[in-house]
């Protein structure tokens, strides 16, 4: 009987709320009076693929600790992304330091046309169709930060756009052609 309880305990592992992706791990040193102190810096992106995404940047003496600290920071600083029909509601350009990012909405079936670290953020945010371009630096950390900034600046879809997306029904239940759409 005790063995069955142990088996159940092992099989019932909780699935984490967020998926995580390591963007960059760097070895950094600090010069002190006694010599150089080496640490590791980890940049991690987390997301639930349902509109919530975050970035964490942390340092520690070894890589696993740095990743763990970065994940905690990312969970704390996660943002909700405004989406409409699997894409972003409008085009946006963002400049953060030397990183310049352009995000454009795309029609259904396009997929994520993006490169590098920006793609990780968009996938983990749950955006299905988007076109992006990195216009500035190739620095992964700055590009990820700029992408998060761009996603946080998105504005919600206007009510007029929602009306266009959903056909209206008359009293009998049949779909009615909206006179404003022509």
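The values are calculated or read from the model by the stated rules, or taken from the named source; none is laboratory data. Just so it is clear, the structure is predicted and the values come from calculations on it, not from any experiment. Ideal geometry is used to build each Cβ from the backbone, glycine not excepted, and the neighbour counts take in all protein chains shown.
With respect to the numbered conditions (1) surrounded by fewer than 18 Cβ atoms within 10 Å (Cβ to Cβ); (2) over 23 Å from residue 20 (Cβ atoms); (3) within 17 Å of the chain's Cα centre (by Cα), which one is the sole condition not fulfilled by residue 95?
(3)
Would you check which residues across segment 115-129 are assigned to a loop (DSSP other than H, G, I, E, B) and either assigned by TED's automatic domain parsing to the domain that holds residue 51 or touching a residue at least 60 places away in the same chain (Cβ under 8 Å) (or both) and list them?
Once the filter is applied, which keeps residues that are assigned to a loop (DSSP other than H, G, I, E, B) and either assigned by TED's automatic domain parsing to the domain that holds residue 51 or touching a residue at least 60 places away in the same chain (Cβ under 8 Å) (or both), segment 115-129 yields only 126.
Select, from 116, 126, 111, the only residue that is at pLDDT 90 or above, at positive phi, in contact with a strand residue (DSSP E or B) (Cβ under 8 Å, 6 or more places away or on another chain) and surrounded by fewer than 19 Cβ atoms within 10 Å (Cβ to Cβ).
126
Which residue is surrounded by the most Cβ atoms within 10 Å (Cβ to Cβ), if the candidates are limited to segment 1-40 and must be more than 20 Å from the chain's Cα centre (by Cα), at pLDDT 90 or above and within 30 Å of residue 78 (Cα to Cα)?
Looking at residues that are more than 20 Å from the chain's Cα centre (by Cα), at pLDDT 90 or above and within 30 Å of residue 78 (Cα to Cα), I get 40.
Quick one: in segment 56-87, which of the residues that are assigned to a loop (DSSP other than H, G, I, E, B) and under 15 Å from the mean Cα position of the chain (by Cα) is farthest from residue 108 (Cα to Cα)?
Going through the qualifying residues, I end up with 77.
Considering each of 137, 168, 159, 147 in turn, give the residue that is at pLDDT below 55 and in contact with a strand residue (DSSP E or B) (Cβ under 6 Å, 6 or more places away or on another chain).
Residue meeting the stated conditions: 168.
State all residues of segment 14-48 that are under 19 Å from residue 146 (Cα atoms) and in contact (Cβ under 8 Å) with a residue 40 or more places away in the chain; if no residue qualifies, say none.
Hits for segment 14-48 are 20, 21, 22, 23, 24, 25, 43, 45, 46, 47.
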